[in-house]
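The values are calculated or read from the model by the stated rules, or taken from the named source; none is laboratory data. These figures come from a predicted structure and were not determined experimentally. Every residue, glycine among them, receives a Cβ derived from its backbone with ideal geometry; neighbour counts consider all protein chains shown. Each accessible area value is taken on the protein alone, full model and side chains, heavy atoms only, with ligands, DNA and RNA left out. Shrake-Rupley method; radii C 1.70, N 1.55, O 1.52, S 1.80 Å.
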Amino acid sequence: MGEKILMKGNEALAEGAIRAGCRFFSGYPITPQNEVPEYMSWRLPDEGGTFIQAESEVAAINMIYGAASTGMRCMTSSSSPGISLKQEGISYCAGADLPFFYANVVRGGPGLGNIAASQGDYHQSVRGGGHGDYRVLVLAPNSVDEMANFPKKCYELAFRYRMPSMILADGILGQMMEPVEFKFEPVDPKSFKEAGWELGLAAGRRKRIVRSYDLREGELEKINAARLKKYREIEEKEVLFEAKQCDDAELVVVAYGTSSRIAAAAVKMARDKGLKVGLFRPITLWPFPKKQLAKLAEKSRKFLVVEMSMGQFVDDVRLAVCGRIEVDLYARPAGIPSGEETFAAVEKSYKSMTPARAAAPAKTAKPKGKPGRPRKKPAKKAGRPAKKTRKGGRR
Amino acid sequence: MPEIKVNERLCKGCELCTSACPKQCIAMSDKFSTTGYYPAMLAKQECCIGCGLCAQICPDLAIEVYK
Amino acid sequence: MELVNKWPAGLVEMPLRYCPGCGHGIVHRIVGECLEELGIRERTVGVAPVGCSVFADDYFNCDMIQGPHGRGPAIATGIKRSKPECIVFSYQGDGDLASIGMAETIHSAARSENITVIFINNAIYGMTGGQMAPTTLIGQKASTCPRGRDPKVNGYPIRICELLQSLEGASYLERTSVHTAANAIKTKKAVKRAFQNQIECKGFSLVEVLSMCPTGWEATPLNSVKYIADKMMPLYPLGVYRSPEQREQKEGGAA
């Protein structure tokens with residue numbers, strides 16, 4: 001703790017998981033996440049843990065299903081095509097209420113795509129991903145430091161709520177090197193207590209069953225309803241986000257992961273030019289910071305979503321603001337925008353706000369009336385869908 | 001004397017025990033059990049030697065062997 | 001007179017929901033008895049498959065996990081490596097083990113994973129309604145080969161013990177049957193040995209059991225028994241295909 005070391009994202013992720021108590025890893029090679037299994041293969045045995053290179057992603061995730069059923073802190077990682085293969089086992093873990101942690105170091109897709117960074121797996125991650133009705137806790141780091149420190153958070157959440165948790169990274173976060181500071185003491189797996197569902201030594205107790213099915217009439221719905229209640233609680237309590245310069249922002253750039261870093265550079269350029277632009281970055285993608293974005297929509301004028309995909313993340317932003325505010329999209333499907341390109345998009349979006357609106361304070365419940373800003377009553381002209389819907393949204 | 005008892009709640013009337021019995025002393029009842037099968041029964045108790053082969057083949061653990 | 005065959009402690013005392021004459025029940029009893037007789041029931045974790053024996057998680061009186069179709073050996077691997085003090089077995093049918101889960105089967109054997117696999121070969125998909133299995137015999141009718149399995153269209157049946165025999169990692173492979181009481185007794189010996197090998201850390205053990213599926217075969221239980229003897233056994237010869245002793249000899253010879 002306290003010491004800064006230079007690490008590659010994938011290695012920081014692996015080390016972070018081990019320090020958070022991970023003692024079981026099974027995986028399968030795929031670029032750009034190969035450093036994770038490689039790191040685990042030499043590091044885990046030193047800690048008395050198990051590393052298995054499985055015959056496939058399908059086998060790897062099912063080894064996790066088995067290991068997780070014993071209460072072991074286990075982990076697997078992969079990149080997009082491999083995560084698709086793992087969906088079967090992830091669904092079973094979700095259906096059997098087993099906690100475990102995995103990482104998707106996303107690459108370009110669909111299909112074999114490429115091995116560069118992308119955010120094309122957004123929907124797959126935040127909508128569960130496999131078959132059936134379930135969610136996975138999704139954390140989106142945007143630095144190697146967060147790659148190192150988020151696994152601990154992921155384990156805490158996974159075990160608190162008995163469900164899978166994941167880190168949604170990408171090829172850039174996995175491959176780049178940055179200074180890292182582990183902000184927690186290594187967790188000793190011996191300190192974990194049995195919760196009462198783990199399989200294993202059964203002397204003096206009744207048998208336990210881990211399963212994801214219930215064929216009895218009406219029973220599955222009850223189980224799923226209980227899970228839904230849990231999900232609601234998580235949405236209430238576990239949202240993480242970061243808002244920078246949003247207080248006076250007319251335009252708020254909304255981005256996560258790598259694109260939030262690029263967006264941060266663009267926001268700085270905009271501020272340097274006097275444009276009132278802020279940055280909102282969800283850290284948990286599920287639970288999604290719906291309320292926080294909705295609140296922000298009340299005081300800012302327009303959102304611009306920046307994502308390295310066709311427009312997946314923007315769906316959640318639009319759902320959160322429910323038409324109260326115009327949401328622009330700068331989409332780079334399997335492309336990596338530069339700061340300048342992103343700034344150009346920011347500037348374009350900013351300037352496309354109508355002059356009256358651009359000069360007027362946001363129509364909030366309580367206009368603040370800052371000096372130097374003309375306080376115009378918002379005109380009720382046609383051709384302003386954003387404002388109309390916004391009004392409608394308040395009714 | 002050795003004997004077997006067939007649990008009619010468990011027996012599904014598959015008849016495998018009749019083929020396993022070396023003394024051919026098991027037969028099928030002509031009355032339905034509560035579960036809807038014609039259960040096996042010890043037709044000739046005097047010839048049962050308690051070998052338990054019927055229990056070895058019974059897929060439903062329906063046969064108790066007394067010796 | 002005394003009851004000589006008590007309900008095995010390794011099985012929960014409840015009616016089995018298999019069809020009349022199905023071989024699963026016999027193998028369930030055998031596994032349940034072995035868990036009791038070897039004194040391992042309280043440290044055993046079983047993996048139930050997808051198929052008719054999905055309910056094995058209810059039946060076996062030990063900790064159980066039910067997993068995705070074909071993934072039993074991978075799940076068992078995860079459990080065994082996490083809790084080496086546990087005895088871990090995977091119970092699988094032919095579609096599960098020899099079709100969708102072939103990779104998991106072969107690789108867990110190749111890794112010589114210290115687990116026990118109970119493989120029920122009845123040459124048909126029972127639960128889904130009698131479709132062709134990887135082990136369906138040439139000429140055997142199934143709902144997806146209604147004219148009988150034709151090698152030109154459907155290829156040839158897979159012999160798992162023979163296939164796994166080529167792997168260094170396989171420690172114990174035996175094929176048995178439960179179509180007669182005498183064969184059921186032999187099956188119990190094999191199953192017990194497969195668990196004993198795990199207790200002694202000898203690596204991957206698999207017992208393939210030829211078993212009846214009267215419903216899937218559209219035959220009476222008594223005719224099903226005959227079908228095993230007449231048709232299945234010539235294609236799937238019973239016997240030990242690999243023993244830990246053979247393996248030790250081989251390793252000794254190599255060194």
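Structure data summary
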| quantity | calculated |
| --- | --- |
| Residue in segment A:82-89 that is among the small types (Gly, Ala, Ser), open to solvent by 10 Å² or more (accessible area, probe 1.4 Å) and over 16 Å from A:Phe25 (Cβ atoms) present | yes |
| Residue count, segment B:12-59 (criterion: more than 16 Å from C:Thr180 (Cα to Cα) and either hydroxyl-bearing (Ser, Thr, Tyr) or in contact with a Gly (Cβ under 6 Å, 6 or more places away or on another chain) (or both)) | 7 |
| Close pairs from segment A:307-332: first farther than 20 Å from A:Lys295 by Cα, partner open to solvent by 40 Å² or more (accessible area, probe 1.4 Å), Cβ under 6 Å, at least 6 apart | A:Met308/A:Arg332; A:Ser309/A:Pro333; A:Met310/A:Pro333; A:Gly311/A:Leu329; A:Gln312/A:His123; A:Ala331/A:Met310 |
| Of all residues in segment A:209-256 being of a type in the set (Ser, Thr, Tyr) and more than 24 Å from the chain's Cα centre (by Cα), the one that is surrounded by the fewest Cβ atoms within 10 Å (Cβ to Cβ) | A:Tyr213 |
| Residue satisfying all of: in segment A:67-81; within 20 Å of A:Leu173 (Cβ to Cβ) and buried (at least 24 other Cβ atoms within 10 Å of the Cβ); nearest to the other protein chains (Cβ to nearest Cβ) among these | A:Thr76 |
| 1 or more residues of a type in the set (S, T, N, Q) and touching a Gly at 6+ places or on another chain (Cβ under 6 Å): qualifying strands (runs of 3 or more DSSP E) within segment A:1-102 | A:74-78 |
| Strands (runs of 3 or more DSSP E) contained entirely in segment C:62-153, each with at least 3 residues that are within 14 Å of chain A (Cβ to nearest Cβ) and in contact (Cβ under 8 Å) with a residue 40 or more places away in the chain | C:87-93 |
| Members of segment B:8-22 that are in a loop (DSSP other than H, G, I, E, B) and not charged (D, E, K, R) | B:Leu10, B:Cys11, B:Gly13, B:Cys14, B:Cys21, B:Pro22 |
| Lone qualifier among A:Arg332, A:Arg301, A:Arg271, A:Arg324 - being of a type in the set (D, E, K, R) and closer than 16 Å to A:Tyr122 by Cα | A:Arg332 |
| Members of segment C:21-43 found to be touching an Asp or Glu at 6+ places or on another chain (Cβ under 8 Å) and either more than 8 Å from every other protein chain (Cβ to nearest Cβ) or in contact (Cβ under 8 Å) with a residue 60 or more places away in the chain (or both), listed by number | C:Gly21 |
| Residues located in segment A:289-322, provided they are of a type in the set (A, V, I, L, M, F, W, C) and in contact with an Asp or Glu (Cβ under 6 Å, 6 or more places away or on another chain) | A:Leu304, A:Phe313 |
| Number of positions in segment A:28-55 that are of a type in the set (Ser, Thr, Tyr) and within 25 Å of the chain's Cα centre (by Cα) | 3 |
| Qualifying residues in segment C:163-185 (those that are open to solvent by 10 Å² or more (accessible area, probe 1.4 Å) and in contact (Cβ under 8 Å) with a residue 24 or more places away in the chain) - the one nearest to the chain's Cα centre (by Cα) | C:Glu174 |
| Restricting segment A:32-66 to residues that are open to solvent by 10 Å² or more (accessible area, probe 1.4 Å) and among the small types (Gly, Ala, Ser), the residue that is nearest to the other protein chains (Cβ to nearest Cβ) | A:Ser56 |
| Number of the exception - A:Glu181 against (1) open to solvent by 20 Å² or more (accessible area, probe 1.4 Å); (2) touching a Lys or Arg at 6+ places or on another chain (Cβ under 7 Å); (3) within 22 Å of C:Gly67 (Cβ to Cβ) | (3) |
| Residues being among the charged types (D, E, K, R) and either modelled with pLDDT under 95 or farther than 19 Å from C:Asp230 by Cα (or both) - total across segment C:130-161 | 3 |
| Counted residues, segment C:213-255 - those being outside any loop (DSSP other than H, G, I, E, B) and at positive phi | 1 |
| Total residues in segment A:317-355, condition of a type in the set (Ser, Thr, Tyr) and either assigned to a helix (DSSP H, G or I) or touching a strand residue (DSSP E or B) at 6+ places or on another chain (Cβ under 7 Å) (or both) | 4 |
| Filter result (more than 7 Å from chain C (Cβ to nearest Cβ) and more than 18 Å from C:Met212 (Cα to Cα)) within segment B:51-61 | B:Cys51 |
| Extreme residue, most open to solvent (accessible area, probe 1.4 Å), among residues of segment A:299-321 that are modelled with pLDDT of 95 or more and more than 20 Å from A:Ala345 (Cβ to Cβ) | A:Leu319 |
| Test set (1) within 9 Å of another protein chain (Cβ to nearest Cβ); (2) closer than 21 Å to C:Ala184 by Cα; (3) touching a helix residue (DSSP H, G or I) at 6+ places or on another chain (Cβ under 9 Å) - B:Met1 fails condition number | (2) |
| Condition check for B:Lys12: at pLDDT below 95, at the interface with chain C (Cβ under 8 Å from one of its Cβ atoms) and either open to solvent by 10 Å² or more (accessible area, probe 1.4 Å) or more than 23 Å from C:Gly23 (Cβ to Cβ) (or both) | no |
